[in-house]
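The values are calculated or read from the model by the stated rules, or taken from the named source; none is laboratory data. In this text, all values refer to a predicted model and were calculated from it rather than measured experimentally. Methodologically, a virtual Cβ is constructed for each residue, glycine included, from the backbone with ideal geometry; neighbour enumeration extends over all protein chains shown. All accessible areas refer to the heavy atoms of the entire protein, side chains included, with ligands and DNA or RNA removed. Shrake-Rupley method; radii C 1.70, N 1.55, O 1.52, S 1.80 Å.
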Amino acid sequence: MNIKKYVKFLGIIIFMFILWKIDLGEMIRVLSQIKIFFFVCALALVFPLMFIKSFRWNVLLKSQGIPYRLSDTYKVYMSSLYFGFITPGRLGEFIKAFYVRQDKDVSVSRGMSSVLVDRIFDMYVLLLVGTFGLWKFNVLGKLSFTYVLLLVLIALIPFFLLNKRFMRKPVNLLYRIALIKKHEDRIKNSFNDFYDGVNELANPKLILGFLLTCFSYLLFFFQCYLLLNSLDISINFLNITLIMGVSNLISLMPLSISGLGTRDAVLIFFFSFLGFDPEWAVSYAFLVFLNFFVFGGLMGAVAWWLKPLRVKNFSSAPGKRDKISGVKE
């Protein structure tokens, strides 16, 4: 029995168990009192949030000498989110590398380097915020060995990224688990192309990328705070920032689709620290799901319709391409 095949459904199982255990009538009552103004404001901020993230990726591409119009970058980024929301651990977002292959005739491996660094920015901030959150809520214990070890690992991530010998195994693993299993043999031979792409990104513009990441997450956490206000939940901005940092960090693990179940479990756990019943946590998780995943997914679907991926052969080397409507395996 292949356990890995079923791990991605773990979050769904957790979600169904949570719904079975909580009072659904109370959850409906909580949601029925939603303040629409705050919810709509949170929805509206999805557009600038995605713009900042797509601008960050545009900066990375230009660092590699790959000219990409900002409007096209926005469409591609939104399309990748559409696939990211429906894949475990949001691995579908790596489809951006194939857009670069299609639009700029750049190898998939070189395109993958900017996509990976773009994702590492997010992971870096979430690790910082999430680790601090675990410490503040005394989950790891004050200044425990685990906490200190995590901080050291966070600080070393950029050095690991730029170390070719260290990167070889994780990059090969990435190629196996992303949306390119069928082409694993060909892409394995493109490691040097990938690493050259990473090297092109090692410049002062990474500081701008990190600052854009921080700004985008401030906006994201403010959206989360607005959703709290829509349910009239009295949790301060710092606490919800730390809670959502932990939640989003765990959602990066390929255990569920769109964080269903894992996000709910994390919120129930932390909301209990602050004296809130599970029904309030699940109601809040439902609004987060609607705001970022349903609405964001619809935006991504429109972007995919406006700019579909038309690459038939996902070879890592540039060259002749056959075009079709969409992605086929």
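Heavy-atom accessible area of Ile18 with all protein chains present, probe 1.4 Å, nearest 10 Å²?
Per-residue accessible area (Ile18): approximately 20 Å².
Evaluate E = 1/(1 + (r/R0)^6) for Phe166 and Leu10, where r is the Cβ-Cβ distance and R0 equals 45 Å; express this FRET efficiency to the nearest 0.05.
0.95
Which trypsin sites (Lys or Arg not before Pro) in the range 54-88 sit in a loop by DSSP (not H, G, I, E or B) and have at most 13 other Cβ atoms within 10 Å of their own Cβ?
Counting only loop positions with at most 13 other Cβ atoms within 10 Å, the trypsin sites (Lys or Arg not before Pro) in the range 54-88 are Arg69.
Fully extended, how many nm does the chain gain between Val139 and Val302 (0.36 nm per residue separation, minus their Cα-Cα distance)?
54.6 nm
For Trp304, tell me the accessible area in Å² from a 1.4 Å probe, rounded to the nearest 10.
Only protein atoms counted, so the area is about 50 Å².
As a test question: what accessible area, to the nearest 10 Å², does Val282 have when a 1.4 Å probe is rolled over all protein chains in place?
Answer for Val282: close to 0 Å² accessible.
Estimate the FRET efficiency between Phe17 and Leu274 by the formula 1/(1 + (r/R0)^6), using the beta-carbon distance for r and 30 Å for R0, to the nearest 0.05.
0.85
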